[in-house]
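Comments concern the structure below.
Please treat every number below as a calculation from the coordinates, not as lab data. What you see is a predicted model; the values in this text were computed from it and never measured. Glycine gets a Cβ as well: all are built from the backbone with ideal geometry, and neighbour counts include every protein chain shown.
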Amino acid sequence: MHILLSPLFFCQRFCKTCARIFYRDHPDEWIWLHELEGMPPLGYFDASQGFIPDFSILMMFDEFIIPAQAYERIRNAPNDTWLGQWPAVIRLLEAEGTLSTVDVQEEVGRVASIRGGMLRRDMRDPAKWAKAMTYFDTLMATADLALGTKPPGASTLQWKFDPDRTPGVKGPDGHRHILSSIPLIDPGEDPEDPHYQLHELALDHLRSQLREVNAGLALATLLQAAPMFWAPYGGYLEAKSSEAAAARRASEQANAAGLFFRVAFPGYRPDTIRELGRLRRDRRLRQLREVIESASLTGEVMDPGYPQRVLEEVLNVERKIGRVRQIAGWTSAAIGIIPLPYLGPATTAASEIVTLGVEKAIRRKWNWFYLISDGTGHS
């Protein structure tokens, strides 16, 4: 499956000249919205390490597409920036031949009419998007609070929804109003009502966010890829279940991998570039992906007894293999007693080959566990 690592903003929002002047006059500050514009989902932010990729998600998919502008910025960034390990991730995927780039602005222009139709349909019922708009605004406000105006002063950001942080705007009555609430849903008919006066602002706000979502979905369809959006778009993707089927499917697979390594096997969670590379090179990875999806669909991944049952099964396999080795060793020794010297070595070699084949067959069902445990099969 091709995955389009979707930018936070598909439509350019910042003037590059203004941004350059700002950084010239404020060299110790940053505009984090500008910095993340066009970037793929970078994971969560740690103040001491920068953005930390979710290696379990990167393990789940075969090929990736990122914006060309983001590729250049990440690929050429020094290793000690707020981008964290992403330069190394890009180099790894590039070396594998599993990374390609796309000129987002050019390609999005090719689907302009499609995006226009999507937006017109979406805006027929603005109230439908109230929940998604609240989710987006809240996550962005949380990010703004965490990332701040200076990278050294930033705090941890994990893109978690906190309804108490839904931002508001100051209305003509001097009070703060949440745009995704009454101004969007039911502004009333009184022109003097502040909600009525904020209605157009709320609609403009909604249109801006829907344009981003629709651009990502249309571009992904054009590229025959599944988009993996930044977290703030999650509410819109959920509401657009029919149009965003590929995005939701990719999200479900990504969430399954996250749960698998966070809940069931946290000790085996890949957390380095080296581990990611080892997993992606191994043929057993396909079986691991299937196990992760199955455990998520059946709910096993949330069962506290699931990892214990896996370990017990693997130990049983190892005991069986020990017995196979014991029998093979006994057979070889017995044949060696027979006074036909030319049979001894050949029969012993054949026995060893048979034993190896039996061991591989017995272990086959649990190859995925030997993979995540780096071949040891033990916790």
Checking the table K160/K365; K16/K170; K160/K240; K128/K170; K128/K150 against a 26 Å threshold on Cα-Cα, which pairs fail?
K160/K365; K16/K170; K128/K150
Taking alpha-carbon centroids only, the range 158-181 lies from the range 255-290 a number of Å equal to 38
Once the dipole of the range 1-120 is set up from charges on Cβ (+1 Lys and Arg, -1 Asp and Glu), the residue from the list S113, I66, W30 lying farthest towards its positive end is S113
At 0.36 nm per residue, and after removing the present C-alpha to C-alpha distance, how many nm does the segment from S242 to E72 gain when stretched out fully?
57.8 nm
Quick one: W129, W30, fewest Cβ neighbours within 10 Å first, how do they rank?
W30, W129
Using 0.36 nm per residue, how much length does the chain from D144 to Q224 gain when fully extended, once their Cα-Cα distance is taken away?
25.5 nm
H175, H2 arranged by Cβ crowding within 10 Å, fewest neighbours leading
H175, H2
Please flag any cysteine in the chain that has no other cysteine's Cβ under 4.7 angstrom from its own Cβ.
C11
Summing +1 for each Lys or Arg and -1 for each Asp or Glu, what net charge is found among the other residues whose Cβ lies under 15 Å from the Cβ of D164?
0
Report the Rg/Rh value for the chain, based on alpha-carbon coordinates and the Kirkwood definition of Rh.
1.12
Dividing the helical contributions, -39500 (n - 2.57) per DSSP H run of n ≥ 4, by the residues of the chain yields a 222 nm value, nearest 500 deg cm²/dmol, of -17500 deg cm²/dmol
Can you tell me the dipole magnitude for the chain around its Cα centre, using point charges on the Cβ only (Lys, Arg +1; Asp, Glu -1), in Debye to the nearest 20?
1620
Between D54, D46, D282, which gets the highest mean-square fluctuation from a Gaussian network model of the chain, Cα cutoff 10 Å?
D282
How far, in nm, would the chain grow between Q49 and R110 when pulled straight, counting 0.36 nm per residue and subtracting the alpha carbon separation?
18.2 nm
Nearest 5 is fine: what % of DSSP beta bridges in the chain come out antiparallel, could you say?
40
